[in-house]
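Working notes for the structure below.
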Amino acid sequence: MADRCLVVANQTIGGTDLDAAVRDRVAHGTRRFHVIVPMTAVEHEATAWTGGLYLAGDELSAFAALAFEGDEADRRFREERDEARRRAAARMAAMIDRIAVAGGEATGEVGSADPLEAVRQVLERQPPFAHIIVSTLPRGLSRWLRQDLPSRIASLADTPMTIIEAEADQFATSAASNGEADATGDHDGSADDATS
């Protein structure tokens, strides 16, 4: 089991740096991977990020900006949670396919919206990993970096880690003209809304 690698990612799945890190692990003898994709609330996704996998319908949700009452609020919450799970599952499946193309084999799961808890659950259930790859959005967009997720994961597992911070230059400049985000990736005036 010592040749297994844990991949922790969400919106950066499909990015060249993450793919390169997987190919590097395969080149160093790792053949088995487990992918954990913590759910990201739709309103927290970085709509201007272009370095990862595009999913149809990835428009920023307006639900978070609206106040609902009673059953309507519950329905909207369930819809948002289901959409976050759908996106995470699609990204997970894409990452499993990308690992296969790189010469590895993978299993995967959608994890808790709390990325540290998602990783903790995997580490408790799975046999030990020889390596962990954590792939985040760029500084300024990444909640995971603001939460110091890589260091917090390191405190859970005495395992070598590769931390990939995606390049900030992979933003769609056209998104700003569509009112989705400005060239820095901010939406609604805050760079702190995205989750990796």
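The values are calculated or read from the model by the stated rules, or taken from the named source; none is laboratory data. All of these numbers come straight from a predicted model, not from anything done at the bench. Neighbour counts run over all protein chains shown; Cβ positions are idealised from the backbone, glycine included.
Yes or no: G179 surrounded by 18 or more Cβ atoms within 10 Å (Cβ to Cβ), in a loop (DSSP other than H, G, I, E, B) and either acidic (D, E) or modelled with pLDDT under 90 (or both)?
So G179 does not fit the description; no.
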Problem set entry | Sole exception among (1) over 30 Å from F129 (Cβ atoms); (2) modelled with pLDDT under 60 for E43, by number | (2)
Exercise. H131 is checked against (1) within 15 Å of the chain's Cα centre (by Cα); (2) touching a residue at least 40 places away in the same chain (Cβ under 8 Å); (3) within 19 Å of T162 (Cα to Cα) and fails just one. What number does that condition carry?
Worked result: (1)
For this session: Could you look through the range 148-175, keep only residues that are in a helix (DSSP H, G or I) and among the hydroxyl-bearing types (S, T, Y), and pick out the one that is modelled with the lowest pLDDT?
Result: S174
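One line per residue, one yes/no per condition, for (1) within 23 Å of Q147 (Cα to Cα); (2) surrounded by fewer than 17 Cβ atoms within 10 Å (Cβ to Cβ); (3) among the basic types (K, R):
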| residue | (1), (2), (3) |
| --- | --- |
| M95 | no, no, no |
| A118 | yes, no, no |
| R125 | no, yes, yes |
| V134 | yes, no, no |
Seminar exercise, completed: Of the residues in the range 117-144, those that are more than 20 Å from T30 (Cα to Cα) and touching a strand residue (DSSP E or B) at 6+ places or on another chain (Cβ under 9 Å) number 11
Problem set entry | Verdict on G189 being more than 16 Å from the chain's Cα centre (by Cα), modelled with pLDDT of 95 or more and either under 15 Å from I13 (Cα atoms) or not β-branched (V, I, T) (or both) | no
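Here is a yes/no grid of residues against (1) without any contact (Cβ under 8 Å) to a residue 12 or more places away in the chain; (2) in contact with a helix residue (DSSP H, G or I) (Cβ under 7 Å, 6 or more places away or on another chain); (3) acidic (D, E); (4) not in a loop (DSSP other than H, G, I, E, B):
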residue: D71; (1), (2), (3), (4): yes, no, yes, yes
residue: D74; (1), (2), (3), (4): yes, no, yes, yes
residue: D82; (1), (2), (3), (4): yes, no, yes, yes
residue: A106; (1), (2), (3), (4): no, yes, no, yes
residue: L145; (1), (2), (3), (4): no, no, no, yes
Exercise. For the range 26-35, how many residues are under 17 Å from P160 (Cβ atoms) and buried (at least 23 other Cβ atoms within 10 Å of the Cβ)?
Worked result: 1
